[in-house]
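Novice: Pasting a structure here, questions to come.
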Amino acid sequence: MNKKISYIMTSNEMIVVYIIIGLSVLIGIVNPAFFGMSTIISLSRSMLVTLIFAVCEMIIIISGGIDVSFPAIACISLYATIKVVLFTGIDNPAFAFLLAGLIGMAFGAVNAFLIVKYKIPPLIATLGVSSVANGGTLAFLGTKEISNIPDNIDRLSKAFIYSHTNPDGITYQLTALILIPVFVCIMAFLILKYTMLGRGIYAIGGDKNAARIAGFNVSGIQFIIYMASGCFAGIGGITYMILMRQASPQVLMGSEMMVIAAVVVGGTRITGGHGSVLGTLLGVGLITLVQNNLIMLGVPTHFQTFVVGLIIVIGTSITSLRAKRIANSAKV
């Protein structure tokens, strides 16, 4: 029992918790207002879309793959959707989310097809799809930002499930869109922990050939997870558009490295076979906390990238060392 407690207290998730607590204490000393509901609401909004992307990326990395195309898929999904909505006049939010999800799923299917049928390495395949999606958006859909979001869709940006007014009279409101990443996290947790699909994802990441021998449909599982990742990338894109109340064809480009970093910092092994929703949630929280609040500690903006990079290096090093220690103890 003591060994189990010791393992939990030194797990990747707990290490991230320690870092978050330490950083929060430092920020709180400089700015006591940090310890308040307003901070929680602000961080929740900041990490909302990133968390959607990160959970999907986590599942793909657990399976031994990687996906760098989700920002481009999100951009083309949100931009194509708003173009269709404005052209047809169908400003139903459900239609917008459905269309964006289907567009994203189509690109996810292309990723899966290239990886499964043509055996192209996931990094190369998704990088190629990213270029096609990004270039296609700019070449065929346009380059201008769209700010005239239809009223019924824009109304979601003003839907809140909680409001908090701080002592200074400033009101912070928690958007109802937070329910989307909550749903994604719960669904991913249940699938990974309690279904054969989840076991298959871990098995493929551990050893693809062994998973195939064990009876798992490796190709089918890969198609499912890449298509699901594309679908939720599209949904994440629409969510971001609603939050920002404008559509830009390149607004999310370049976010893939930060998302992957958050996943890896949360304890997901880049080599596959290991990872958790809780760890990913904590990793996204840590990266968001650093990005949003380092300035309170007097860290200049141009040094924030360096600090984030340092956290990534330390986090991945700890994950790698723990993996080696576990492997060595298993041999003994």
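The values are calculated or read from the model by the stated rules, or taken from the named source; none is laboratory data. Note that the coordinates shown come from a computational prediction; the quantities given were computed from them, not determined experimentally. Glycine gets a Cβ as well: all are built from the backbone with ideal geometry, and neighbour counts include every protein chain shown.
Novice: Confirm whether Ile66 is modelled with pLDDT of 95 or more, within 23 Å of the chain's Cα centre (by Cα) and part of a helix (DSSP H, G or I).
Specialist: Answer is no for this residue.
Novice: Another question, if that's okay. Hey, among the residues in the range 35-63 that are touching a residue at least 24 places away in the same chain (Cβ under 8 Å) and in a loop (DSSP other than H, G, I, E, B), which one's nearest to the chain's Cα centre (by Cα)?
Specialist: Taking the candidates together, the pick is Ser63.
Residues checked against (1) under 20 Å from the mean Cα position of the chain (by Cα); (2) among the charged types (D, E, K, R); (3) assigned to a helix (DSSP H, G or I); (4) buried (at least 16 other Cβ atoms within 10 Å of the Cβ):
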site: Cys231; (1), (2), (3), (4): yes, no, yes, yes
site: Ile235; (1), (2), (3), (4): yes, no, yes, yes
site: Ala262; (1), (2), (3), (4): yes, no, yes, yes
site: Gly267; (1), (2), (3), (4): yes, no, no, yes
site: Ile270; (1), (2), (3), (4): yes, no, no, no
site: His274; (1), (2), (3), (4): yes, no, no, yes
site: Gln291; (1), (2), (3), (4): yes, no, yes, yes
site: His302; (1), (2), (3), (4): no, no, yes, no
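Novice: Identify, please: which residue in the range 122-175 is part of a loop (DSSP other than H, G, I, E, B), among the aliphatic types (A, V, I, L, M) and more than 24 Å from the chain's Cα centre (by Cα) and is, among those, surrounded by the fewest Cβ atoms within 10 Å (Cβ to Cβ)?
Specialist: Filtering the range 122-175 for residues that are part of a loop (DSSP other than H, G, I, E, B), among the aliphatic types (A, V, I, L, M) and more than 24 Å from the chain's Cα centre (by Cα), the one surrounded by the fewest Cβ atoms within 10 Å (Cβ to Cβ) comes out as Ile170.
Novice: Same structure, new question: Pick out the one residue from Leu86, Leu43 that is touching a Leu at 6+ places or on another chain (Cβ under 8 Å) and either surrounded by fewer than 17 Cβ atoms within 10 Å (Cβ to Cβ) or closer than 19 Å to Ala262 by Cβ (or both).
Specialist: Result: Leu43 is the single residue among Leu86, Leu43 that is touching a Leu at 6+ places or on another chain (Cβ under 8 Å) and either surrounded by fewer than 17 Cβ atoms within 10 Å (Cβ to Cβ) or closer than 19 Å to Ala262 by Cβ (or both).
Novice: Just checking, does the range 194-203 include any residue being part of a helix (DSSP H, G or I), crowded, with 20+ Cβ neighbours inside 10 Å and among the small types (Gly, Ala, Ser)?
Specialist: Checked the range 194-203: at least one residue is part of a helix (DSSP H, G or I), crowded, with 20+ Cβ neighbours inside 10 Å and among the small types (Gly, Ala, Ser).
Novice: Which ones in the range 192-239 are touching a residue at least 24 places away in the same chain (Cβ under 8 Å), closer than 30 Å to Pro93 by Cβ and out of contact with any Cys (no Cβ under 9 Å at 6 or more places or on another chain)?
Specialist: Once the filter is applied, which keeps residues that are touching a residue at least 24 places away in the same chain (Cβ under 8 Å), closer than 30 Å to Pro93 by Cβ and out of contact with any Cys (no Cβ under 9 Å at 6 or more places or on another chain), the range 192-239 yields Leu192, Leu197, Phe223, Ile224, Tyr226, Met227, Gly234, Ile235, Ile238, Thr239.
Novice: Still on this structure: Please list, ordered by first then second residue, the pairs with beta carbon atoms under 8 Å, 6 or more apart or interchain, first in the range 92-116 and within 14 Å of Ala228 (Cβ to Cβ), second charged (D, E, K, R).
Specialist: Listed by first residue and then by second, the contacts come to Asn111/Asp67.
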